[in-house]
1. Run through every distinct alpha carbon pair of region A:171-269 and return the Kirkwood hydrodynamic radius in angstroms, one decimal place.
2. Once the mean 1/r over all distinct Cα pairs of region B:134-302 is inverted, what Kirkwood radius in angstroms do you read off?
3. Under 8 Å for C-alpha pairs, at least 6 residues apart: give me the relative contact order for region B:134-302, rounded to a whole percent.
4. Measure out, as a whole number of angstrom, how far apart the alpha-carbon centroids of region A:146-171 and region B:316-331 sit.
5. For chain A, modelled as a GNM with alpha-carbon contacts under 10 angstrom, which of A:Q137, A:Q89, A:Q274 fluctuates the most?
6. Just need the relative contact order of region A:198-359 here, percent rounded to a whole number, with Cα pairs under 8 Å and 6+ apart.
7. Per residue of the protein assembly as shown, what 222 nm ellipticity follows from adding -39500 (n - 2.57) for every DSSP H run with n ≥ 4, rounded to the nearest 500?
8. Helix A:60-71 versus the longest principal axis of chain A: what angle, 0 to 90°, nearest 10, using Cα atoms?
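Rule-based calculations on the coordinates, nothing more; no lab input. In this text the structure is predicted, and so the values were computed from the model without any measurement. Every residue, glycine as well, gets a Cβ built from its backbone with ideal geometry; the counts of neighbours run over all protein chains shown.
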Amino acid sequence: MLNRLVKKTLSISAIVIAIIVLGGFAYIEIGSNRATPITDFSAPFVFGQFRVPEDNPLTDEAVELGRRLFYDVRLSGNNEVSCATCHRQQLAFTDGRQTAIGVSGKALALNSMSLANLMWGPRHFFWNGRVTSLEEQALVPIQHADEMDQSLAELVDELKADSQYKSLFSVAYGRITNENIAKALASFQRTLISSDSKYDKYLRGEATLTEQENLGRKLFVAHPDVKASLRGGNCIDCHSQFLTSGFNTLYDGFSNNGLDSEEDLLPGLEEVTQIRAHRGLFKVPTLRNIALTAPYMHDGRFATLEQVLDHYNEGIKMSSTLSPLIAEADNSTKGVVTQASLNLTEHEKTAIIAFLHTLTDRQFIAEEKFSNPFD
Amino acid sequence: MITTHRFTFYTVLVSMSLVLTSCSSEQDSNEESKAIVLLRGLPTLDTNHSIAIVALDPESENFGEILQEFEFADYAMPLHHLYYSPTGRLYATGLDPQCSLAEVDLARDASGAPVINGVECIDTEGQQVGEDIIWHNVNGTDYMIVSFMAGTGIDQSDGGSIGIFDPQSNAVLRIIEARKSTVGEGDPYIMYPHGLSAYGDRMVVTSTIHADLATGVGNSVTIIDLNTFTPIQTITIEDAQPVGFPSSPVEVLFLRPSIVAGIEPTVFVNTMFGFETWKIPYDESNKSFGEPEIIYSGVDEGTGVPLEFYGNDTELFISHAIPGVVKRYQLSSLPELVSSGPDLEAGLGAHHMIFYATESGRQVIAIQNNLLNLGNADDNDPTDIDFIAKVNDHSITVHDLETGEKLATVNFKERYRKGIANVESLFGSGFVHHH
């Protein structure tokens, strides 16, 4: 009798295991709750490997919850500002301002950053790289006096009073906690993948670039070599080929691109590492959707891409931490160099700008899954 | 235009579960040390040809493990060689007449792990038995150029063609064909083409062996003018016949300033049955090729069946299937062959190779040891194809680049009952091309 019971239990569990296996592991356990591993996911191979924290795997429920939180003004003290106030989808999750403005109405010191392809590129967030995960990042603006000015304890209470959040959290993570709020926001942001620009289509063989765009692409990826008659804009030395973001090993994705001279250098990465050689180094941002994310640089000093190109071509300011990649890149064939300059022609600058426009991903800014769920 | 090949649902399911079981442990390992390989089902062992992702970090517990496998149940012959395009697309040439050229669809799953989503055969307009692929820009236009050893029909005794493709759409733009029997006496011809290498508007293609490995063997290289896509000169590359066959030039490398700074462009050719490496000087000013000269003799040095040229920033590597070694030379001394270290003792059939770093940062080279599953006929082994010597060890050996020490070996025949036909880096150094 007992024997038969054991056998039966065994065969039932075998069936259960079989169903789980055949169902492609439809369910995974997270805490005491069941969430569905993300169903509609794909990322380009060429973007490279990425890592999702083991304690916060991508699930449909976490992403849905994160999306709600991202657009919810209740995350701010005055219930007027959400993450999306400064990270608007139609501007590739930037805000169009020189520097961001939050609940206090005071202009912040820095330009809002685009939120695209955050799983790749430097594993440090913010212009100076002061946090190392999206989970850690998410709670910063919420508590910042000028950004959202919300106490986390209050926020948790507010969310607990909302039955919809209660059930969303319960499936996605279990309890409503600071940590789980951060995890959900991080999960949503991880899904903000921009990979359907004209450039992506070109890489996949689905589109051809115009002659001008292709010249721009070639200049973008070439380090000038006068001896080999190779003209280049040098951009790829910092903005990697496929992602256009900075490199991901350690602090390779941070550099000083010559915006300021020695006396005006802000601390930048030095603030985080306390290393003098890191003074004035900032995160190399992605250039995806760059035509939509003006104004440019950490302080939003440039209003147009023309100004950006003029900077790289003839506006480099010398300092002790200026990237050697910029200091030595020169297309000029004549004489002594007194000033770091790419010496590109107008025609070449325009071509690089034309190429930068191929990085605009209309699908990304129209994508329903990334839009405001309260609309 | 493009013929799509879809694989059975069963195969997909099997490979899916393989991915899922392995990805969690894989998350933190370095991707550079994963390789993509072409595996070959072996006669009498009842195994299928496939493309697979394999872990190759000798410091990792999962060394030699297949992380994902995509099988081709209905192909008689396997895919042949893998190549990454400059835009990061993965292509494979193929030996099966149903699929002589293919594009591999790679993506990433939600854990970041690479996945093979499928393989799409490309319409070659009848060209068969794909060998090498190069991407080359001529007069401002980018091309994908492929050699087809059987040309427009494996039944032709002197067949062979070069396909010029649009690298965006994969469409055939033109086919270069010049069969010996159709061109005039003494005119340049293309026969059994295999190795390809180009510099500026000149491309060199070798004449190797009929795709059935029986009908005929070549002994020359032909120069193609890429302005007009026409053959302009055939140069005989032959000296001693150590095994009584024509020399069978196989891989070719047009050494050029982008590979070796300041070098006078020079062509290197390996002769599979001549056991030699030849040098053909090139005069760029008048675009003429000089007298070919032997710079390495396998008969003198005790090696046979030289195959591939690979390079990194400092060295040139040449594989010799017999006795299964890779010889290494100083890049800066080229076109002279100046040794840069002792031979890497790989395995019988030493062939393709990749370079990467281990988890701890050790620089290594992985060598794939097998040529077309050719075994020694005297061995009467039913799992191989009879040949004059055994060149099918079916292993990948991993060696420390600095010390030359062999760190690890995975034998695919012993472990998976399959042969190993090709290896390419999955990512990272995989974008380095070997021609």
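1. This gives a value of 17.5 Å.
2. 16.2
3. Computed over region B:134-302, the figure is 14 percent.
4. Their Cα centres are 65 Å away from one another.
5. Among A:Q137, A:Q89, A:Q274, the largest mean-square fluctuation in the Gaussian network model of chain A belongs to A:Q274.
6. In percent, rounded to a whole number, it is 29.
7. Taking each H run of at least 4 residues, the total per residue is -5500 deg cm²/dmol.
8. Between helix and principal axis, roughly 60 degrees.
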